[in-house]
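> I have a structure I would like to understand better, so I am pasting it below and will then ask my questions one at a time.
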2 protein chains.
Amino acid sequence: MARTPQPTDAELRLLKVLWERGGSTARAVLEALPARRKVGYTTVLKILQVMEEKGLVSVDRGARSHVYSPRAGRGPTMRRLVADFVQRTFDGATDEMLVHLVDGRALDDAALNELEARVAALRGREEDR
Amino acid sequence: MARTPQPTDAELRLLKVLWERGGSTARAVLEALPARRKVGYTTVLKILQVMEEKGLVSVDRGARSHVYSPRAGRGPTMRRLVADFVQRTFDGATDEMLVHLVDGRALDDAALNELEARVAALRGREEDR
DNA sequence: CATGACGTACGATAGGTGTCGTACGTTGGA
DNA sequence: TCCAACGTACGACACCTATCGTACGTCATG
């Protein structure tokens with residue numbers, strides 16, 4: 001069976017709003033969109049309808065204004081997007097991706113600490129084997 | 001002035017061949033393509049022609065078979081692709097991207113060492129300020 | 001010198017995406 | 001009650017991408 005497809009860019013923008021706000025009407029999503037990204041109301045509605053067809057959101061048609069909710073969580077969705085990108089762009093070479101990402105980029109201390117902790121944790125797990 | 005556009009997926013596949021082999025004819029690129037990715041000869045030629053229009057490759061029309069060469073290096077191109085992806089997907093939050101990337105993924109010791117070294121280098125630079 | 005292999009140019013196509021416009025139904029308040 | 005505001009459904013559109021088919025030129029060699 002084919003998995004539910006990846007969200008497109010426009011779809012991802014709306015999903016971010018839904019993850020943030022929880023179930024929302026089309027109008028609520030429209031109004032929560034970042035100012036730079038304003039778009040027509042019917043555009044938002046259309047994208048939500050397409051996402052429902054694709055299985056990316058569920059919809060409650062109880063009230064007059066339908067309420068849309070994300071089907072998949074933010075974490076798993078993002079992970080799939082990242083995995084696909086690494087596959088497409090680096091033929092799956094995660095380490096190379098990491099190098100490009102860390103290099104020449106502004107990461108604050110907190111981010112570096114977080115990263116080191118995760119690296120340490122991973123290393124520990126490898127040594128267990 | 002608008003910068004030269006990002007390569008699409010199909011274009012990137014051909015660019016990888018050009019980076020690997022250096023300047024090549026359409027036929028050479030076709031034959032160097034991974035077996036799983038075989039495609040018609042005119043498809044390859046067309047993509048190369050489109051890339052020339054976009055400024056992604058240069059072409060030497062001296063010989064009967066034109067020779068195509070990448071205009072930008074692999075490193076800068078990949079960096080731009082990664083930066084765009086992080087922007088689109090994580091609204092520029094590189095640290096979050098890193099977390100998703102490192103988490104639950106098979107990185108061997110060498111990759112972890114490399115990563116730690118880069119983190120250390122970055123940390124050093126920050127402390128200089 | 002004729003012909004087949006090779007090469008290029010160019011148009012066509014199918015599928016996907018992002019954006020709306022329009023038609024039409026519903027509903028709450030003047 | 002009735003109409004303006006709100007909501008949905010649906011089709012249209014322009015733009016990209018990826019892929020190929022066809023027309024046509026050239027060149028070497030039998």
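> Quick check on this structure: which one of A:80, A:27, A:36, A:61 is assigned by TED's automatic domain parsing to the domain that holds residue A:119 and among the basic types (Lys, Arg)?
The match here is A:80.
> Go through the range B:39-60 and give me each residue that's within 12 Å of DNA strand D (Cβ to nearest atom) and over 16 Å from residue B:17 (Cβ atoms).
Of everything in the range B:39-60, those that are within 12 Å of DNA strand D (Cβ to nearest atom) and over 16 Å from residue B:17 (Cβ atoms) turn out to be B:42, B:53, B:54.
> How many residues does the range A:3-20 hold that are surrounded by 20 or more Cβ atoms within 10 Å (Cβ to Cβ) and within 16 Å of DNA strand D (Cβ to nearest atom)?
Final tally of qualifying residues: 3.
> Is it the case that residue A:36 is near DNA strand D (Cβ under 9 Å from one of its atoms) and at pLDDT below 95?
Taking the combined requirement at face value, the residue does not satisfy it.
The values are calculated or read from the model by the stated rules, or taken from the named source; none is laboratory data. This structure is a prediction, so every number in the text was calculated from the model and none was measured. Counting neighbours? That spans all protein chains shown, and the Cβs are built from the backbone with ideal geometry, glycine included.
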